[in-house]
Amino acid sequence: MTAAPPLLPAPGPGPEGLLSPGVAPGTSRGEAPRLGSFLARAAAATAVLTVLGAVLGLVRDQAIARYFGASDASDAFLIAWTVPEMAATLLIEDGMALLLVPAFSLALTRRAAAGEAPGSDPVRDLVATTLPRLFLLLAGGAALLIAGAPWVVGVLAPGLADPRLAVDCTRLTSVTVLTFGITGYFSAALRAHRSFLPPAGVYVAYNLGIIGMTLALHAVWGVRAAAVGVAVGSVLMILTQLPMFLRLVPLARPRLPRFGRPGRRAARTAPPLGFAVLAPVVLFVVSRQSQVLVERFLASTLPAGAISHLNYAQKVAQMPMVLSLMICTVTFPVVAQAMAAGDREKARLRVERDLGLAGTVVLLGTAVVLGYAPQIIEVLFQRGAFDAADTASTAQVMRVYALGLLGHCLVGALSRPFFSSGRPTWFPAFAMGTGLLVTMGAGYALTYRFGVDGIATANAIGISTTALLLLMGLGTRVVPIRTRAVAISLGRLTGASLVAGVAGWACAPLAPDPVLSLAAGCLLVPSAFFLTGLALRSPEVVSLLALTRRRFLDGR
């Protein structure tokens, strides 16, 4: 079999060997290493804060599992948790970033082109025309959710015997519609300015707020304490970014001419963010997050605890996907600015390398989840009200979820280039809507017979359908990536992941202690993954191993 063209560059002497976006035509070669080194440092720092936030997220889930187990109370909180989950996806992780990172990138490009010429600042104009309106819109949305909480719970979980606790928690978490929106706005602006640390630290602050409130108030307010923590943590997210936002983003109003209507110059210089650009992004993000709504709707008809098993399994299983997408988060402004400047070749190189790197990370994590799901859940959650039966059910669901991790990663990675140009595009929404229909159909067909495992299977099938459509459509519509080379490379990484996962699954029971079993798995699974990838001539594995070898020799 002929080896596919490598998606990673040949390893160089520094971090730019993995993360440099390539040298665009007309760009001096001295620029690429500097940018690559910066991106490597930004990715490393983002990784540290992402891992810390994920660890605190596990501590948060452990606290909830310890005090409330998998019960009616935890189910009520998780139904209310749907609001911040949807808000986070729409307003922080995807929607706001997909809209505003390209907009701020374009504004920065226009500012650089204008140089020192007198006139309005496009960045300041963008803030002046969008932030006040966004605040009012989000505040109104939060108020509507608080008032309509009983209706929301009735739609999300019609099978609940007593919805009152879920309604109370939903009212408390509804404030995140406002706070997450402001957080997402700050994050997009800072990332476009290539300031990545404050945005990466928001989930650290968020989870600290939830953990603190849960530990302090669970004996008094029960699971409502966790809902209060969601509100408190969301305010801390804003405060984490506010100082850097005020430092980098100009907020002072420009002097207006003596005659003329205020805001007319801003309308000419600020990048457009009208309904035609907004609607496709919102529809895509809502369709993506609606997979969770479908899952909880179906699980509400199953015995108590089913929603909790799905939640714990999904949160842990998706950690590799979150870590893999930090690469795309750091490089998204590079793609957006390349598209704004019309440099499609630079965007293509960056997107292909991102897909290879993200696929490597998520498929290695998938192998660990497949091999050691019971041990992971036992170590993380089996204590207090969370018993061995909960561990077995959650681990089984987590293994099924793992089958869709590559699809989740690809959807997150591929959607960014579609929206990087700032022009309206409906194809991602079409692809995600198709995947959602597949999830709904498969869910209704499988849930009655297979329970929560059927729901997780439907999730994996639906998201993989969306990923396939996005991969096929990106090269012909936005960035001319080498689709066949990308598919072959990801196929080889998938083969390595399956071999490593089966090896872990076979060896995990040999050590009766779950901690020792996991420790052995942290050596076994990566070894099997990289050796198999090397045997399959995976370009990413070959490049990573070559880079590691060169670093080792240089260190000597």
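Out of 465, 483, 548, 476, one residue alone is modelled with pLDDT of 90 or more and of a type in the set (Ser, Thr, Tyr). It is 465.
Yes or no, residue by residue, for (1) more than 19 Å from the chain's Cα centre (by Cα); (2) assigned to a helix (DSSP H, G or I); (3) modelled with pLDDT of 95 or more:
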site: 152; (1), (2), (3): yes, yes, no
site: 158; (1), (2), (3): yes, no, no
site: 167; (1), (2), (3): yes, yes, no
site: 199; (1), (2), (3): no, yes, no
site: 215; (1), (2), (3): yes, yes, no
site: 245; (1), (2), (3): yes, yes, no
site: 250; (1), (2), (3): yes, no, no
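In the range 65-91, the residues that are basic (Lys, Arg) reach residues that are surrounded by fewer than 24 Cβ atoms within 10 Å (Cβ to Cβ) and in a loop (DSSP other than H, G, I, E, B) with C-beta atoms within less than 7 angstrom, at least six apart or across chains, in these pairs: 66/383; 66/384; 66/385.
Table: residues versus (1) under 30 Å from residue 75 (Cβ atoms); (2) surrounded by 21 or more Cβ atoms within 10 Å (Cβ to Cβ); (3) within 27 Å of the chain's Cα centre (by Cα).
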| position | (1), (2), (3) |
| --- | --- |
| 102 | no, yes, yes |
| 122 | no, yes, no |
| 135 | no, no, yes |
| 138 | yes, yes, yes |
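Only helices (runs of 4 or more DSSP H) whose full extent lies in the range 403-493 are considered here, and the ones with at least 2 residues that are polar (S, T, N, Q) and over 28 Å from residue 346 (Cα atoms) are 427-450, 452-477. Number of residues in the range 331-349 that are open to solvent by 40 Å² or more (accessible area, probe 1.4 Å) and of a type in the set (Asp, Glu): the value is 1.
For the range 169-195, the tally of residues that are open to solvent by 10 Å² or more (accessible area, probe 1.4 Å) and not in a helix (DSSP H, G or I) stands at 4.
The values are calculated or read from the model by the stated rules, or taken from the named source; none is laboratory data. Remember, it's a predicted structure, so these values are computed and weren't measured experimentally. Cβ coordinates were reconstructed from backbone atoms using ideal geometry, including for glycine residues, and neighbour counts include every protein chain displayed. Please note that ligands, DNA and RNA were not included when accessible areas were found on the heavy atoms of the full protein model with its side chains. Shrake-Rupley method; radii C 1.70, N 1.55, O 1.52, S 1.80 Å.
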